[in-house]
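Novice: Provided herewith is a single structure, encoded as C-alpha cells, for subsequent inquiry.
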Amino acid sequence: MEARLDYSQKSPAGMTAMLALNHFVETCGLEHALLELVKTRASQINGCAYCIDMHTIDARAAGESEQRLYLLNAWREAPFYTDRERAALAWTEAVTLVGESQVPDYLYEEVRQHFSEEELVNLTWAIVVINGWNRLSVAFRSQPGKYKARKG
C-alpha cells in the first residue's frame, strides 16, 4: 500500500490542533505505560498499522515487556495486566467502538472504581486522540516501519 498524502502538510492548522490535544494527554498525569497500552489497543481495533508500530516501539523503549504487548489483544485472558489497566482497556474498547457499545453504565461504574473523575475524563481524551490519529493514518495510508522511539 502506498501513502496517499501527508495530512500534516496539507492541513498544518489541523495538525497543530491535534498536536496540542496530544500534548495535553501526554502531560495529564496518567501513567505513560497505561497510555501506551491504550493507544496500542485502540490502534489494534482500528487496524492502524502505523500507530501499532509507533506505540509498541515507544512502549518497548519505556520498558514494556514483549509478553504484555503480544497479549494485548487478548488482555482479558492474560494475567499480566493490573486491575487499573484492565479497566482502562475495557473503557478503550467501549469508547473506540461507541457505535456498537454505547459505553454501558455497568462499565462506567467498574472503571470509576479505578479512576477518579478527572482521570477518567483524561483517559477518554487519550482514547479520542488515538482514535483521531488512527483515522488520519488509515485514511491517508501512513506507512509503518520508519518510526524511531521518542527520546525522554
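The values are calculated or read from the model by the stated rules, or taken from the named source; none is laboratory data. In this text, all values refer to a predicted model and were calculated from it rather than measured experimentally. Every residue, glycine as well, gets a Cβ built from its backbone with ideal geometry; the counts of neighbours run over all protein chains shown.
Novice: Residues that are among the aromatic types (Phe, Trp, Tyr): list the helices (runs of 4 or more DSSP H) wholly contained in the range 37-124 that include at least 2 such residues.
Specialist: Counting at least 2 such residues, we get 105-112.
Novice: If you don't mind, another one. When you look at residue 111, is it in contact (Cβ under 8 Å) with a residue 40 or more places away in the chain, surrounded by 17 or more Cβ atoms within 10 Å (Cβ to Cβ), closer than 18 Å to residue 124 by Cβ and not basic (Lys, Arg), yes or no?
Specialist: no
Novice: Here's something else I'd like to know. Being at pLDDT 95 or above, of a type in the set (A, V, I, L, M), closer than 20 Å to residue 29 by Cα and in a helix (DSSP H, G or I) is the requirement here; does residue 138 meet it?
Specialist: No; evaluated as a whole, the condition is false for this residue.
Novice: Same structure again: Restricting the range 30-70 to residues that are within 14 Å of residue 82 (Cβ to Cβ), among the hydrophobic types (A, V, I, L, M, F, W, C) and more than 10 Å from the chain's Cα centre (by Cα), which is surrounded by the fewest Cβ atoms within 10 Å (Cβ to Cβ)?
Specialist: Result: 33.
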